[in-house]
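This report concerns only the one structure given below.
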């Protein structure tokens, strides 16, 4: 039969089978359609019951609350759906954690590294939650652009912000954009509430991002004071346009940064998976490498590779994070505060510099610039605590290395000097293992009396060895005894432990310096946001300087405290309050805004005081775009360096250096043997 006929008949038969399957599936779907809603309710009940059971376990309860708090910021949903999403994210995180640990064990088969890796994963197990929250933020921003477009269109039709927002709500509900619809509905409820200002303040505390806060405030001011027209254009529409451009710039920055840093976190963790396989391959190809990997230097290089991978992962997660939320309001006492109050207050009070000293002023300014949730006392508690951890780590590291060195001397076969072969044969390995067992019996039988004469007596008692073998064994065992005698905790190791303490003592200060430099970029971004707020408010009816300050304080993170003081002192003298604000801030881009506010606080109108800002609007927009480009490029370059650094460290520290050192030692021993001939 022709091949094409067979193919055609087969295709017809397959099409007939697919038709039958489709009909059967359609019939079953119609029969089960009525039960889908009941099945959904059963699944929801199942997740809620899991939530209750997990809440009774202390560790899982803490994880559930952590996930729930982050979800409540970005979602407005009923209690059952929040609990369901929380449980699903917890189960996904736990499944990913267990799967990665199993894969890691299959690849490495090393219990010590597995324990270290499991501890690491316990700190980075929120990756799935962060990805979910980040996608939810991006989705909300995209939907908000749609919301602003509908609001602009409906405002042209209705000429009323309340009616425009109400119709935009209805359209968003029909289109299925649930996330932004819930926010629009909340703003709509605020507009029609009895006490609009009180409800607006509550919304400021729970809004998912700053753009919804700005939009709610703009709609409230337009409703309260009415819209104004500048050059035949609506100020409300102009504000919507400014806000839309800000959201698009933020989305552009997020998407570009995500693309630039894509998969780098996975690359930074790959050395942890390939550490043991690389060691097995290298030592299998060149046998002397196994002795190097089992030595102190090999263990230290392995620990350095693991530590580099962990630190790089943490830094990358920090670079990829967008929701750097700074908690305000009531915060329970930190671990450092409890430690200071119970144990360390006497020691810390002696270490903390005097109140008006230069060092005290420097540390206070550093804490303010870094916006760290500490004071100078808890900072010194943290310094002492991290330094103590570094000291204890050094002690345990050297004790562990000493214990492992003793174990390797007594139990692991030692490579013969000058061996240049690739891999030991089974017979050669068994011979070296029998020699190691023999040496261990002799050494352990001596107890604490490790004397060369006693070794020789023990060897002479063995009748199976000839004179030449006794001499070789005596030399070999004495060398091992000498190594065991030197395998103690030396004074220079204690000095290194103190150096670890000093390094840990300065880690919090270095961390604050880095945070302060990173915050400076955020401060520039916040000043650009203040300019946008002023551009939106300057032409509105009855706007005044104090109200602009209140708006800036509501959306501020880095300048919140100085702005609050300025608002409190504003009634006693606007010019003096703004002068005090300039003295406290000292950030040059923000000082220009304060100077214009001082002009507006006098006899000049707000619009005229910031006329230059409006004229430079297009330049500021291009400058903001260029700033975002530079921020993304800087983070991209830094992320590429940090992401691939663990792989470079794995190749250099755990492959190239061991090969060079082992090769040079083997060649040196080989030449010594040649010279003795």
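Among 558, 482, which comes first, then next, by fewest other beta-carbon atoms within 10 Å?
Fewest-to-most ranking of 558, 482: 482, 558.
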Each label sits 7 Å from Cα toward the beta-carbon; between residue 95 and residue 349 the label points are separated, in nm, by 5.6
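Please give the contour-minus-distance gain from residue 65 to residue 629: 0.36 nm per residue of separation, less the Cα-Cα distance, rounded to one decimal in nm.
Fully extending the segment from residue 65 to residue 629 adds 199.4 nm.
Can you give the relative contact order of region 502-581 as a percent, counting alpha carbon pairs under 8 Å and 6+ residues apart?
The value is 19 percent.
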Do you know the relative contact order of region 214-322, to the nearest whole percent, from alpha carbon pairs under 8 angstrom that are 6+ apart? 27
What FRET efficiency would be calculated for the residue pair residue 341, residue 245, taking the C-beta separation as r and a Förster radius of 51 Å, to the nearest 0.05? 0.55
For the residues 630, 56, what sequence is obtained by ranking on other C-beta atoms within 10 Å, fewest first? 56, 630
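Stretch residue 569-residue 490 to full length: gain in nm at 0.36 nm per residue minus the Cα-Cα span? Walk me through the intermediate numbers first.
Values: separation 79, 0.36 × 79 = 28.44 nm, distance 6.28 nm.
Additional length available on full extension: 22.2 nm.
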For residue 103 paired with residue 668, estimate the spin-label separation in nm (one decimal), with each label point 7 Å from Cα along the Cα-to-Cβ line. 4.2
Fewest to most neighbouring Cβ within 10 Å: what's the order for 591, 344, 140? 591, 344, 140
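Would you mind estimating how fast region 539-609 diffuses translationally, via Stokes-Einstein at 25 °C and 0.890 mPa s with the Kirkwood radius over Cα pairs, in µm²/s?
Values: Rh = 12.1 Å.
Using the Kirkwood radius from Cα pairs, D works out to 202 µm²/s.
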Can you tell me the length gained on complete extension of the stretch residue 506 to residue 430, counting 0.36 nm per residue apart and subtracting the Cα distance? 22.3 nm
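Please compute the contact order of region 347-394 in relative form: average sequence separation of alpha-carbon pairs under 8 Å and at least six residues apart, divided by the residue count, as a percent. List each step's numbers first, then the result.
Working: 20 pairs, mean separation 16.9, N = 48.
In percent, rounded to a whole number, it is 35.
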If I model a spin label at residue 194 and residue 393 as a point 7 Å from the Cα along the Cα→Cβ vector, what separation in nanometres do I get? 5.9
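Every read-out reported here was derived from the displayed coordinates using simple, explicitly stated rules and does not represent laboratory data. Because the structure is predicted, anything quoted here is derived from the model rather than measured. Please note: Cβ atoms are built from the backbone with ideal geometry, for glycine as well, and neighbour counts cover all protein chains shown.
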